[in-house]
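Bear in mind these aren't lab numbers, they're just calculated from the coordinates by the rules spelled out. Only a predicted model underlies this, so the values are computations on that prediction, with no experimental measurement involved. Reconstructed Cβ throughout: ideal geometry from the backbone, glycine too, with neighbour counts over all protein chains shown.
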Amino acid sequence: MTATDRRRWVFSMRQYELMIILDPETDERNLQPTLEKMLGVVTKDGGSIEEIDVMGRRRLAYEIKKQAEGIYAVVNLTAEPATAQELDRQLGLNESVLRTKLLRRDA
């Protein structure tokens, strides 16, 4: 890999913050490994997971998929835009995920 390729690779990686609301019936003891498995697409494509902050069970402002509560988690990650888009798509297809919000963090 040349120096130009490395610079291009570094600049294509962006920092994101992902908020996930999971089904309240998800076992909280197995939550960390479950999240890491869901986020596997990021590490597989060369990105990294900086921090996973599980905020726990909280009441929702309104029902989502007939659920009044959800388990909140915030994930800070670095990935390419295409990888972040694929992660958001895969999480949307997962039945245990009630809602996601993927934001690009300011550098």
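The table below gives the values:
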{"item": "Any hit, the stretch 54-63, residues being within 25 Å of MET13 (Cβ to Cβ) and within 13 Å of the chain's Cα centre (by Cα)", "result": "yes"}
{"item": "Residue check for GLU28: of a type outside the set (Val, Ile, Thr) and touching a strand residue (DSSP E or B) at 6+ places or on another chain (Cβ under 8 Å)", "result": "yes"}
{"item": "In the stretch 86-107, the residues that are touching a residue at least 12 places away in the same chain (Cβ under 8 Å) and either among the basic types (Lys, Arg) or in a helix (DSSP H, G or I) (or both)", "result": "GLU86, LEU87, ASP88, GLN90, LEU91, ARG99, LYS101, ARG104, ARG105"}
{"item": "Residue within the stretch 68-77 that is in contact (Cβ under 8 Å) with a residue 60 or more places away in the chain and on the phi < 0 side of the Ramachandran plot present", "result": "yes"}
